[in-house]
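The values are calculated or read from the model by the stated rules, or taken from the named source; none is laboratory data. Small disclaimer: the values here were computed from a predicted structure and weren't measured. Cβ atoms come from the backbone with ideal geometry, glycine included; neighbour counts cover every protein chain shown.
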Amino acid sequence: MKWISYSFLIAFFSSCTAVKVSVPQQFSSSATRLPIKGLNGWMVNQKLSFAQYQTSAIKRGWDFSSSVQYTRFGMRPEDFLLRVINIGTDRQLLAQHNKFQYTLSDGNNITEIYATEKFNEKDLVYKTDHALLGNVSATQRYEYAFTAAIVPVSAQTPEPWSLVMTHKYDSKKDTIRGLFYQPHIEEEGYATNGKEKIIIKPLRLQDVTTKSGKQTKVLGGPMLTGYELKWDDGLVAIIDIMDNSLWLYNDLEASDKLVLSSIASAILLKRMQDVEKDRDNVARSF
């Protein structure tokens with residue numbers, strides 16, 4: 001797995017201007033930015049608040065993680081070649097999942113949110129007896145899924161919403177290599193009540209400006225800065241994970257804003273945001 005040290009990234013970004021999510025001027029002029037409190041700091045009885053929105057205490061279930069490594073027996077020519085040069089191969093399976101639930105109120109109406117987050121990865125581990133090389137892992141496949149049920153609580157009992165976000169990688173489909181190569185990732189995000197659909201698209205930063213005014217590429221590949229939410233092809237919200245805030249389009253019904261706020265709060269509370277980079281932290285935790 002490739003990764004860049006946290007201290008090295010801090011040094012890199014400290015030499016750049018403030019990293020911000022890209023908010024279109026036309027949208028920002030007709031939307032309101034809502035800073036979200038409660039995402040950092042003490043997590044016991046964690047609550048979020050932004051504008052008139054307030055969550056109950058976030059109830060999290062037990063985080064489950066597992067790691068299984070076993071010897072791989074192969075009959076391919078490359079397997080025999082590795083054995084000749086004294087390199088063994090193992091398979092490693094990593095898994096992690098957790099869940100949480102809470103309610104969100106706008107002062108008049110309430111939604112109940114039930115969320116589940118799952119991550120599975122399959123690696124090929126090359127074992128050497130070399131003191132400097134040690135073991136080297138190559139990712140073969142991983143899958144990440146975040147789902148949430150958003151249930152409005154009212155006398156009319158409107159349809160519940162389902163939130164789905166997936167992120168998949170398969171080395172067999174990842175055939176292009178190069179100096180600035182980026183892994184071939186399949187990802188999808190949406191929320192639906194069976195009649196309407198809200199598309200959730202990740203926003204990634206590829207270039208930053210240094211304090212001297214020079215444009216440079218983000219080290220380690222594009223960095224996730226947030227998500228944009230489109231309803232009927234119209235931009236209605238932007239989630240900024242860099243400064244923990246939500247931009248909401250002004251010309252919306254209160255019930256629609258509550259649904260969008262429920263979606264945004266659930267996304268901000270999930271453990272893994274930038275899956276491609278966060279998965280390295282998952283692997284190192286085992």
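Restricting segment 18-40 to residues that are in a loop (DSSP other than H, G, I, E, B) and more than 14 Å from Asp243 (Cα to Cα), which is modelled with the lowest pLDDT? Filtering first and then ranking leaves Pro24.
Here's the yes/no breakdown for (1) modelled with pLDDT of 85 or more; (2) of a type in the set (Phe, Trp, Tyr); (3) assigned to a strand (DSSP E or B); (4) surrounded by fewer than 16 Cβ atoms within 10 Å (Cβ to Cβ):
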position: Met75; (1), (2), (3), (4): no, no, no, yes
position: Asn120; (1), (2), (3), (4): yes, no, yes, yes
position: Val125; (1), (2), (3), (4): no, no, yes, no
position: Ile150; (1), (2), (3), (4): yes, no, yes, no
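Of the residues contained in segment 268-278, one or more are found to be touching a His at 6+ places or on another chain (Cβ under 7 Å) and either in a helix (DSSP H, G or I) or not charged (D, E, K, R) (or both). Name every residue in segment 205-233 that is outside any loop (DSSP other than H, G, I, E, B), crowded, with 16+ Cβ neighbours inside 10 Å and modelled with pLDDT of 65 or more, in order of residue number. Hits for segment 205-233 are Leu205, Met223, Leu224, Thr225, Gly226, Tyr227, Glu228, Leu229, Trp231. Taking residues in segment 165-179 that are within 30 Å of Ala264 (Cα to Cα) and aromatic (Phe, Trp, Tyr), and partners anywhere that are at pLDDT below 85 and part of a strand (DSSP E or B), the pairs with Cβ atoms closer than 6 Å and at least 6 places apart or on different chains are Tyr169/Ile185. Residues that are of a type in the set (Ser, Thr, Tyr) and modelled with pLDDT of 70 or more were ranked within segment 161-193; the one that is farthest from Arg141 (Cα to Cα) is Thr192. Pairs are defined by a Cβ separation below 9 Å, a sequence spacing of at least 6 or placement on different chains, a first member in segment 257-280 that is within 13 Å of Thr147 (Cα to Cα), and a second member that is basic (Lys, Arg) and in a helix (DSSP H, G or I); the pairs so defined are Met272/Arg279. Annotation: of all residues in segment 45-72 being surrounded by 15 or more Cβ atoms within 10 Å (Cβ to Cβ) and within 20 Å of Met272 (Cα to Cα), the one that is modelled with the lowest pLDDT is Ser67.
Inside segment 91-117, can you point out the residues that are of a type in the set (A, V, I, L, M), in contact with a helix residue (DSSP H, G or I) (Cβ under 9 Å, 6 or more places away or on another chain) and surrounded by fewer than 20 Cβ atoms within 10 Å (Cβ to Cβ)? Across segment 91-117, the qualifying residue is only Ile110.
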